[in-house]
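Asker: Let me give you the structure first, and then I'll get to my questions.
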Amino acid sequence: MLITIFSLIVLLFSVILHEVAHGSMALKLGDSTAKFAGRLTLNPLKHIDLFGTIILPASLVLTGSPFVVGWAKPVPVNPYNFRDQRWGSLKVSLAGPLVNFSLAVVFGFLIRFVALPETTLTLFSFIVIYNFVLALFNLIPIPPLDGSHVLFSVLPARFNAFKIFLHQYGMFILLALMLSGGLDIVFRGAMFLYYLIAFA
């Protein structure tokens, strides 16, 4: 039970840092929308999304899923304020997954190079695995995930119909993948990176 509680706490603050990274990058690029909305904070109450932060993770825990994913309420961003109009949206989209990758690597190196008590090792392992899962999960190119914004930033205009299709049905595709076990590859990828960083 304590492991489950800790894992959910790790997930919560990992997705919060993910969203704060989006807002901070937007601010760096000239858009202060997230700042004025009070979203550049670690206060969980400012970031909770009913489905992504509560319903989805709880459902995955209750169904015995091998991994638990979720998301916080997306930070508001106005791309028209970006100084870099060509690549600004791409930079903001990548900022969240990069924070998760960075957290995973830092705690993975602590596991690898520091003699840790067994309890601390277990806790750090959760941080590493969950952040790798979140990074890989969010890079899937299906709306509303960050990977879709990355994809749309590089797709030429002739693929607009495909973009519209993904915007309309992306959530249904994502839920179908989750329920069918199609996202198991995310967990396997996270475990591979965990062993590569922490033990290889």
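Asker: Which distance in nm do the two modelled labels at L179 and L42 give, with both placed 7 Å along the Cα-to-Cβ direction?
Answerer: 3.8 nm
Asker: In whole percent, and with a 1.4 Å probe on the protein chains, what portion of the accessible area of the chain is carbon and sulfur?
Answerer: Details: 7610 of 10650 Å².
Carbon and sulfur: 71 percent of the exposed surface of the chain.
Asker: OK, next. Rank these by accessible area, largest first, 1.4 Å probe: R112, R86. Provide the component values of the computation, followed by the final result.
Answerer: Numbers: R112 95, R86 140 Å².
Sorted descending by solvent-accessible area, the residues read R86, R112.
Asker: Oh, and also: Evaluate the relative contact order of segment 119-176 (contact order divided by residue number), counting alpha-carbon pairs under 8 angstrom at least 6 apart; express in whole percent. Write down the numbers at each step before the final one.
Answerer: Numbers: 31 pairs, mean separation 15.1, N = 58.
That works out to 26 percent.
Asker: What is the spin-label model distance, in nm, from W87 to S102 if the labels are put 7 Å beyond Cα along the C-beta direction?
Answerer: Label at W87, label at S102, 1.7 nm between them.
Asker: Could you give the distance between the Cα centres of segment 127-179 and segment 24-43, to the whole Å?
Answerer: Here the answer is 23 Å between Cα centres.
Asker: Kindly count the pairs of lysines across the chain whose alpha carbons are less than 16 Å apart, treating pairs on different chains or eight or more residues apart as eligible. Walk me through the numbers on the way to the answer.
Answerer: Details: K28/K91; K35/K46; K35/K73; K46/K73.
So the count works out to 4.
Asker: Can you list the equivalent-ellipsoid semi-axes of the chain, largest first and in whole Å, using the square root of 5 times each Cα gyration tensor eigenvalue? Kindly include the intermediate steps, with their values, before the conclusion.
Answerer: Numbers: eigenvalues 158, 80, 56 Å².
In descending order, the three semi-axes are 28, 20, 17 Å.
Asker: Continuing with the same structure: Could you work out the relative contact order of the chain, using alpha carbon pairs under 8 angstrom and six or more residues apart, expressed as a whole percent? Each step should come with its number before you reach the end.
Answerer: Details: 253 pairs, mean separation 44.3, N = 200.
Relative contact order, the chain: 22 percent.
Asker: Another question about this same structure. If each residue of separation counts as 0.36 nm, what is the full-extension length gain between I54 and H167 once their alpha-carbon separation is subtracted? Please list the in-between numbers first.
Answerer: Values: separation 113, 0.36 × 113 = 40.68 nm, distance 2.30 nm.
That pair, I54 and H167, stretches by 38.4 nm at full extension.
Asker: Below 8 Å between Cα atoms, with a sequence gap of 6+, how large is the relative contact order for segment 90-200 in percent?
Answerer: Details: 105 pairs, mean separation 38.1, N = 111.
This gives 34 percent for segment 90-200.
Asker: For the chain, with every protein chain kept in place, what is the accessible area per residue (1.4 Å probe, Å²)?
Answerer: Values: 10650 Å² over 200 residues.
Heavy-atom SASA per residue in the chain reads 53 Å².
Asker: Please work out how much accessible surface L155 shows to a 1.4 Å probe, ignoring ligands, DNA and RNA, in Å² rounded to 10.
Answerer: Spelled out: L155, probe radius 1.4 Å, area about 40 Å².
Asker: Return the loop-located chymotrypsin sites (Phe, Trp or Tyr not before Pro) in segment 108-200 (DSSP other than H, G, I, E, B) with at most 10 other Cβ atoms within 10 Å of their own Cβ; answer none if there are none.
Answerer: Values: sites: F109, F113, F124, F126, Y130, F132, F137, F152, F159, F162, F165, Y169, F172, F187, F192, Y194, Y195, F199; in loops: F199.
Answer by residue number: F199.
The values are calculated or read from the model by the stated rules, or taken from the named source; none is laboratory data. Bear in mind that the values here come from a model prediction, so they are computed numbers and not experimental data. Note that we place each Cβ from the backbone using ideal geometry, even for glycine, and neighbour counts take in every protein chain shown. Only protein heavy atoms, including side chains, enter the accessible area calculation; ligands, DNA and RNA are left aside. Shrake-Rupley method; radii C 1.70, N 1.55, O 1.52, S 1.80 Å.
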